[in-house]
Amino acid sequence: MNSCYKSKSMLINNLEFDVKNLGVNIVFPFLMCIVSCIFLRAYLNDPQKWMHILEISETFVPMSAGWISIFLFVDIIQEGGYEVIFTYPVKRKELGIKRVLIFYVVYAISVLLYVLSIQVITKENVWLNLYFQFLIEGLFFSALGFLSIVLTSNCAFSIVILVGYSIIGTLTKGKYLEILNIFFSNFDVLGIKEILIYGIKPLVYSFVLFWVAQFKFNKIN
């Protein structure tokens with residue numbers, strides 16, 4: 001009973017520390033969703049073109065999940081905080097992939113609000129389909145952000161990797177190096193079955209990136 005209470009207390013304390021450490025970066029997914037909503041309102045002048053918001057959304061929204069992953073580890077990796085943190089009786093997995101997935105929930109909440117806003121603004125019953133799509137793409141970017149900061153130990157380089165991958169992927173629509181592209185690049189809402197089929201590749205890549213990132217994170221001394 002006491003050990004369970006202590007573990008919960010430690011989890012809450014760690015979350016509070018991470019939230020304070022992230023600062024304004026924790027609201028970045030919400031900011032990207034707001035920007036996309038502004039573009040959406042602009043496209044509503046032509047009801048036939050509102051789905052172009054998908055291209056804009058794919059460029060900025062999933063990437064924001066990776067943004068949080070990067071800034072979660074700035075203090076540990078880039079600023080040398082691991083020398084102290086790794087002395088704590090906490091498993092590396094809890095400091096690594098578990099933290100990323102916990103804050104992936106922040107991204108999931110922001111995207112939920114965003115797709116519900118799309119539903120209200122457009123009066124189109126599309127929120128669930130878009131939600132699944134952005135969740136899958138966002139999970140990949142969470143893993144990519146984690147791996148980038150672990151490999152480069154540099155926040156700026158990691159952000160360049162995220163932004164570069166996102167912009168190139170959406171602009172080329174996977175025509176070049178298609179095997180590396182995880183974007184759906186759709187101009188219409190896909191059915192749930194189609195999303196699950198298209199989502200296999202990014203989900204597999206997410207698993208691989210998480211595994212490699214955690215493996216490299218475990219090697220930091």
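Read the figures in this text as sums done on the coordinates, not as results from a lab. Computed from a predicted model, the values in this text were never measured in an experiment.
For region 87-209, the alpha carbon convex hull comes to 127 Å³ per residue, rounded to a whole number. When the C-alpha to C-alpha distance is required to be over 25 Å, the pairs from K173/K193; K98/K219; K123/K175; K175/K219; K123/K193 that qualify are K123/K175; K175/K219.
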